Each structure stands twice: as C-alpha cells, then as structure tokens.
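Coordinate-derived values only; no laboratory data. Model, not experiment: these values are computed from the prediction. Quick reminder, even Gly has a Cβ in these numbers, built from the backbone with ideal geometry, and neighbours come from all protein chains shown.
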There are 2 protein chains.
Amino acid sequence: MRRVAVLGTGHSNYMFRSEKPSTELMSETAMEAIIDSGLMPGDIQAFLMGNAWGAFEEGQSTLQSYVANEIGCYNIPATRLEGACSSGTMAVREGFIWVASGFYDIVLVGGVERATALPTPLATRVFVTCADSLYEWPTGFVYPASFGMLAHLYCRTYNIPLSKLEGIMACVSVQSHEYALLNPKAQIHKKLTKEDVLNSPMVATPLRLHNCCPFTDGSAAIVLASEEFAKKLDKRPVYIAGVGQASSGRISSQSAYYPRIRSREVSSRQAYRMAGITPEDIDLCELHDCFSIASLIAAEGLGFFEYGTAGDAWEKGNTRIGGKIPINISGGLKAKGHPVGATGVGQVVEVTQQLRGELMEQGRQVEGARYGMTDTMGADGVVTNIILTTEK
Amino acid sequence: MRRVAVLGTGHSNYMFRSEKPSTELMSETAMEAIIDSGLMPGDIQAFLMGNAWGAFEEGQSTLQSYVANEIGCYNIPATRLEGACSSGTMAVREGFIWVASGFYDIVLVGGVERATALPTPLATRVFVTCADSLYEWPTGFVYPASFGMLAHLYCRTYNIPLSKLEGIMACVSVQSHEYALLNPKAQIHKKLTKEDVLNSPMVATPLRLHNCCPFTDGSAAIVLASEEFAKKLDKRPVYIAGVGQASSGRISSQSAYYPRIRSREVSSRQAYRMAGITPEDIDLCELHDCFSIASLIAAEGLGFFEYGTAGDAWEKGNTRIGGKIPINISGGLKAKGHPVGATGVGQVVEVTQQLRGELMEQGRQVEGARYGMTDTMGADGVVTNIILTTEK
C-alpha cells in the first residue's frame, strides 16, 4: 500500500436553492481542486463522486459521467457511490483505495447535492429513502423522529434529565453557529443564543428547529495522489493516515446497541488501527451533527469522551479551539450545512485546510494540528465512513 | 497486484413483477454465491452492490447495508455503485480492485433491480434519468429514440439499406430468444421467427417491440477472492484477467463518434491490455444488447468484426455456439432480461459458468472456452464497463 496525499481542494458556498444544476455545481469545485493542485484536467486518471438523490432532485442519475466530460476529463472511469449521508466520504475512501493500491496515481473525488431543488416536505420523504422502507419508514421513522428517539434513549441510558440534555444540545448548536459565522462558505451566518435554541419550534421531541441541520445545496472536491507524485508537486502535503467503513441494518437490528452507533464504532477503530493512533492523537474533528444529539453520540463513539459525558465538554468549551478536541470548527452540518453527497468531501476539505494552516485569516485556525478526523454517518447509522488525515 | 478469482455464483430467475422486495431478491442470490463458494457469511469482508433506482422502485436507497445485515455479514463495509445499466459491472470492477490491491481477501459483489415495481410508463421516465436531464431528455431522447437514431446513423455511416438492417436486427433477436429457451433463469421463454420480429409493433423507427429488451426484476451475485485463498477452496478457479471502465458525456458530445461508442472502445482496450490478449483470444462474450442495433455496435466496438459488418456474422450464425465468437448465449438482455443493477453481475455469472463448463446440461455450453468477456454499457454510452475472465 502506498501513502496517499490530499492535494488541492475545492468547496462551493453551501446554500439554500442553488441557481446552478448539479453538473455545474460539481464541475466548478472539481476544477477548483484541480487548479489548486497545480494540475490540468488531462492529468486526472479517474473520478469518484458521492451523490445521493440526483435522480429525484433534477431527474439526473449517472451525473459523474457528465461532470467528467464537462471538465475535460474525457473518457476516464467515473463512478458514483451512494451511502446515504455518508456518500461523499465513501467516495474519498474509495479514492484512497484506488491510489494506495497503485491502480491510479491521481484521482479526483467529489460530492454534490442539490437537496433544496425539492420542496421541503418532498425532500424529507426523499431523504428517508435511506432508512428502511419496508418496516420502519411506514411507521413514521423520518430522521427527526429517529434522532428524537435516540435523545430520549441517551437520557435513559446515561441517567441524564431531559431538561439537562436540552440545555446541552443548545450549547452544541450555539457553538456551531458561532464558528459558522467565521466560515465564508457556510450556509447559515446567524449568531444563536441558548435561549434562541430553547425557544425555537419543536420538531420531534426533544429536538427543536435549532437542533436540526438544514437542507443544503453544495459541492466539494479533492485531488488524491500517490506520495511520490505529491512530493513533486506540493509543498504542503497532507496524507490520509487511515480510513474505515462499516454498515448496520435497520433500527430494530441496532436497538440493543443504541444510542451508540455500531457502524461508527467499528469504522473508527479500523481507521485508528490503520493509522496506528488513538483518539488522544486527534487534534480536530469534523463529525456528523445532523441533529445536536448526534454530536454527543459521535464524540463519544469516536472515543473522545466517556459515554454519557460529551455534554460536559460542549458546556465547558472543550470542543472549541483551544479545548481538548476542537469539533466542527467549520460550523458543522448544523450551520455550515449538509449537502448530503458533498458533506463528507467538504469535511475532508475543512480538515485538510486546517492541517495546512490555511484558516488563520478566517480566525478559526486550529494551530499546530497534526491529525484530523472526519466522521460521516448515513441514515440511522446504517453506514459510517471515517477518514483520518495527517500533515506528518 | 494480486490475481483475483471468481468463486461461487448466485443468479435469480429474471422475471416480470417479482413478489419479493429487492432486499430479499439480493439476499437470496448473495447467500447462493456464498454457499456455492463453500464459505460462510462471516467470511465475507466487504460487499459491493450495483443498483440504479431502488429509491424510485421501492423507496429504498442504501439497500446494500440492509442486505449485508440480512445475510449475516454484520458491520462490513457495504457500498452501492451507480453507473446506469453498467452499475453491476462497475461493482465487479470495484471488487476486483479491492481484492487485487490486497485491501481485502474475500469480497461479495451483487446487483439487484426491481424495475417492474414501477408502472411501465414511469419506468421509462426513471430509466432515462441516466441520460442527460438538462438538454436531451426534454427533447424526447428516451432510449428507444436514441438507439433508433443510432440505427439510422449506422445505416448511413456504413451504407446499409434500412430494410437490410431490419432483417439483420431480426436475426439478432431470433438468436437471443432461441438461446434463452435453453436458459432456465431467462425472463422470456418464447421462440421468435424473423417474421415475428418484423411484424411486431414499431417502438421508435426502425426499432420494433422485438428489437427492445424488456423491463426486468432480478439479482445476481459472485464472490471474489485472492488467488491464494481461491486455490485453497476451489477446484475450478476462474480468474479476472482484465477490467476496463470509461465514461463519455451527453449525446451531443459524442456525435462525431456515433454510431461507435467511445466509452466501450476505451474501456475494452484497457481490459485487453491488462489481460495481454486481443479480441481473437475471446471465446465467448456477453454484450449489452438493450436494443438489437446495440448488439451490432457492441460486437464491432469490442473488436470482433470490422465496422459495419457485424450483421453478416449474426445472419451466418457466426455468433452462435460453434461460430467465430459465441455472443449472448444466455439469451442476452433481449431475452434473458435486463434487471439493470444486476445485469452486469449476471453476465459475469454466465461467463464464469461457461468457463467452468457447467452449462452442458442446459444444452448451451461453449466447449473449451478459455477467455470470456462481458460488456455492459450505461445510458447512451455515457459509461461502459468490461470484465475479462479466464479459466487459465
């Protein structure tokens, strides 16, 4: 296995109602990543793309072929991967395998979604196609319902009063919105107070509007290359240190493990093992905060905190820059946004820029970071992908 | 790169209106392939699955995770690939990379589609999401229209009278239906005469009903393993000798090349180069005959015949068992059926069984075959995947 470097990055503004179709959204950030790498489209040997519901959003499947052609990467292999909200990170992991194996030297990885091309109620229906359609969706398990259930289960399992959890979850949202204010690409630029969160409309008890991430349009891209190639080209190589992917079945098959997410715990251990590190080595993490409760569950499942204690970290500022483990300094899914197929690629872009020290001007640089982690979960935990990145 | 073997295979009946949901359809053939390999579900390290439109057909995306759990392959990486009609073969190629690279030793690859869960007019609309949605679909380019256009272009390019081409295309359909009669898994068991084809209803000039493949439900699966592992287990190893994948853009970007399909010609040359062989070495081929004209274009693009001459081969029986190059001895997409996400995996199953000499009883064994080829094209040529298999 060869070492794999992340070269250039591309990242669109995350937004509500993009005026551009996904082909253009994806092509623009793909070109941004290629140019940022100091390459030309003809240098790209293959393209991997995460996209969940292009067929619903725009009547467009197989988008990857059209994008490859659009950006002048003629006739290269172009593959679309779908793993619900984890689709983008799934594509990054695949790109890692393609390059690490020596199958290709230079691979473009992208992700795109235009979720707000759908009217919001329809988007809710389309999103939940990733949950079990036979037994669970018909009973009303859209995601706010599932994660609301996880929040109640979290309280019960760790003996935390619901009112306390509501306060903690408000802190999670407040922090994400605060950092998103410093991220020019974020979808939501709006300072929140704890009271704003606690007074926002109830969506699915105990989750309120400001405990839920928005629907988002956007795209992101990275170029992956072999270490040998990267060293010729780039003065600030960032490497993939480990990857992990795992699946789970429908909610009913996970019930004995909930509120912990088994696919996350399996995949993150794979990634730590591959990198030869432990959670203590991680200097910043972008994790899957589709709902505020998901942040707590993720931070514990990744090994940063004891189970049932992540709330303290948010309340005490230990998840901020300068804290024990800076989490979602991009604004996270909650405030940066969640353009499903793009989300994981955008997380890797964020971590790469952090490891390169490129975010000083934005006022949200995690200084001296050596290891970054991304965690992207699909549906009710049916898939999780983990990418560990290092500047070493 | 390690050599990769195809171990066991699984193949459902191809059918109209499956009573089973895709999860079950896929799980059954996945288990069939695992058992045929002499393995247990716990031996499977990863799962790749081709599926194009589960979200439309059953409101189910991310099917791969549910299938993995269903068959007892708990928490393994499970990845869905979408490349239109080529999705299944795309998954096979990916499985090849995963095993050849040493990333995994034993990978399950499957494909499933339940296209006839949709009413036929809606299926036509859903299928064409893989064609360009911005400029071409709105002008009426559903697939019968595109391939009708290719037929006219074929006549013009190679100076063949349309009436002659209609006769040739009828021969193509007649042969496929004849062999499908010998294939118990085929969707259509109905002998056709040339007259039946020529008198069937016109769909899109010059393509008549019996020049078009049906909508199909079905699934197929194979287990891939490293050579080292395969040798311990299997007395009849069949190996993947080469793979290829290429993309193209929308029809308008391919017009200077049509009726030839550039993605096919690029991907098949990759596969031949990897295997170190030429078209003359191929002993049988399963190719993408979504419409009869597509058979001719494919057989020429793969290098079996000079451009504009493939029709002679079908008319003279050179594409039959005992002929120069036996083609679609399964019945092909036309009569065996075309369950999109499963199609390419089903082709590999067919070729594997041929190379193992397992089809003698069915009366359609290509004796002494050493190299088999599968060709699976997506949409209007926007993607093609090629798998070369050998018993050597």
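For this structure, a couple of remarks:
- Label 7 Å beyond Cα on the Cβ vector: residue A:17 copy-to-copy distances, nm: 4.4
- Dipole-positive endmost among A:126, A:95, A:173 within chain A (Cβ charges, Cα centre): A:173
- Only Cα pairs under 8 Å and 6+ residues apart enter the sum, and on that basis the relative contact order of the stretch A:1-160 stands at 25 percent.
- Counting DSSP beta bridges with both ends in chain B, the antiparallel % (nearest 5): 75 percent
- Taking 25 Å as the straight-line reach from the Cα of residue B:20, the lysines in range (excluding those fewer than 8 positions away in the same chain) are B:185, B:190, B:334, B:336.
- ³J(HN,Hα) computed for each position of the stretch B:300-309 - Karplus, 6.51 cos²θ - 1.76 cosθ + 1.60, integer Hz, glycine/proline x: 6, x, 7, x, 7, 9, 4, 4, x, 10
- At most 16 other Cβ within 10 Å, DSSP loop - trypsin sites (Lys or Arg not before Pro), the stretch B:247-355: B:324
- For the stretch B:207-268: rounded, prolate or oblate by the Cα gyration tensor [a/c cutoff 1.5]: oblate
- The mean sequence separation of alpha-carbon pairs under 8 Å and at least six residues apart, normalised by the residue count of the stretch B:198-329, gives a relative contact order of 20 percent.
- Debye, to nearest 20: dipole size of the stretch B:1-90, +1 on Lys, Arg Cβ, -1 on Asp, Glu Cβ: 340 debye
- Rounded to 10°, Cα long-axis angle of helix B:262-275 versus longest principal axis of chain B: 40 degrees
- Under the criterion of Cα pairs below 8 Å and six or more residues apart, the relative contact order for chain B equals 26 percent.
- Nonlocal amide H pairs with residue A:337, under 5 Å, H built at 1.01 Å: A:187
- Cβ neighbours within 10 Å from other chains - mean over B:125-137: 5
- Cleavage-rule hits, GluC sites (Glu not before Pro), the stretch A:301-366, DSSP coil, Cβ neighbours within 10 Å at most 14: A:306, A:358, A:361
- Summing Cβ point charges (Lys, Arg +1; Asp, Glu -1) relative to the Cα centre of the protein assembly as shown gives a dipole of roughly 240 debye.
- Other-copy label distances relative to residue A:125, 7 angstrom Cα-Cβ extension, nm: 1.2
- Taking the axis that rotates chain B onto chain A, the chain B residue nearest to it by Cβ, with the distance rounded to whole Å, is B:101, 2.
- Straight-distance crosslink candidates among lysines, where the alpha carbon sits under 23 Å from residue A:231 and sequence neighbours closer than 8 are dropped: A:392
- Residues whose placed amide H lies under 5 Å from that of residue A:76, excluding near-sequence neighbours: B:247
- Prolate/oblate/rounded call for the protein assembly as shown, Cα gyration tensor, a/c under 1.5 rounded: prolate
- Scalar couplings 3J(HN,Hα) for the stretch A:343-354, obtained by applying the Karplus form with A = 6.51, B = -1.76, C = 1.60 to θ = phi - 60°, are 3, x, 5, x, 5, 5, 4, 4, 5, 4, 5, 5 Hz; x denotes Gly and Pro.
- The distance separating the Cα centre of the stretch B:113-184 from that of the stretch A:32-91 comes to 27 Å.
- Percent of C-alpha pairs per 5 Å bin, the stretch B:237-340, short to long: 2, 12, 20, 24, 22, 14, 5, 1, 0
- Pseudo-label separations to other copies for residue A:360 - Cα-to-Cβ vector, 7 Å, nm: 7.6
- Inter-chain neighbour count for B:84-91: the average number of beta-carbon atoms from partner chains within 10 Å of each residue's beta-carbon is 2.
- If R0 is 35 Å, the Cβ-Cβ spacing of residue A:358 and residue A:19 corresponds to a FRET efficiency of close to 0.80.
- Remark: chain A carries a charge dipole of roughly 580 debye about the Cα centre, counting +1 on each Lys and Arg Cβ and -1 on each Asp and Glu Cβ.
- For chain B, a Gaussian network of Cα nodes joined below 10 Å ranks B:307, B:179, B:14 by mean-square fluctuation, and the top entry is B:307.
- With a 10 Å cut-off around each Cβ of B:244-257, the average count of Cβ atoms from other chains is 4.
- Whole-Hz Karplus values for the stretch B:144-160 come out as x, 5, 4, 6, x, 4, 4, 5, 4, 5, 4, 4, 5, 5, 9, 6, 10 Hz, taken residue by residue from phi with 6.51 cos²θ - 1.76 cosθ + 1.60 and θ = phi - 60°; glycine and proline positions read x.
- Close amide H partners of residue B:106, meaning residues 5 or more places away or on another chain with modelled amide H under 5 Å apart, are B:45.
- Available extension along the chain between residue A:324 and residue A:232 is 29.6 nm, counting 0.36 nm per residue and deducting the alpha carbon span.
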